[in-house]
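First the structure, in the form of structure tokens, and then the observations on it.
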Amino acid sequence: GFWDDYMEAYEDMIRHTATEEAPWYVVPADNKWFTRVVVAAAVIEALHSLNLQFPKVNAAKLRELAAARRELLKK
């Protein structure tokens, strides 16, 4: 009997809390395998949008890292 009220509250909550930086993803849960595919696709898309890259390491940092490695391997 309260379905319409629940749906309105649900939609209101999503509309007022989702942001570009922290979006909501409404995922159908009727079928486990499909739910997992949708979630995996959302995660892949979010990671891809971050445009992650390995840091650039200059010669001084490489020497520092090599020295730290030598220290760690002494034992």
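The values are calculated or read from the model by the stated rules, or taken from the named source; none is laboratory data. What you are looking at is a predicted structure, and each value in this text was computed from that prediction instead of being measured. Note that we place each Cβ from the backbone using ideal geometry, even for glycine, and neighbour counts take in every protein chain shown. What goes into the accessible areas is simple: the full protein's heavy atoms, side chains included, and nothing from ligands, DNA or RNA. Shrake-Rupley method; radii C 1.70, N 1.55, O 1.52, S 1.80 Å.
Would you mind stating whether L52 is surrounded by fewer than 10 Cβ atoms within 10 Å (Cβ to Cβ), free of Cβ contacts under 8 Å to residues at least 12 places away in the same chain, not charged (D, E, K, R) and not in a loop (DSSP other than H, G, I, E, B)? It is false that L52 is surrounded by fewer than 10 Cβ atoms within 10 Å (Cβ to Cβ), free of Cβ contacts under 8 Å to residues at least 12 places away in the same chain, not charged (D, E, K, R) and not in a loop (DSSP other than H, G, I, E, B). Of all the residues in the stretch 25-39, those that are open to solvent by 90 Å² or more (accessible area, probe 1.4 Å) and closer than 18 Å to Y10 by Cβ number 3. Looking at K61, K75, just one residue is charged (D, E, K, R) and in a helix (DSSP H, G or I), and that residue is K61.
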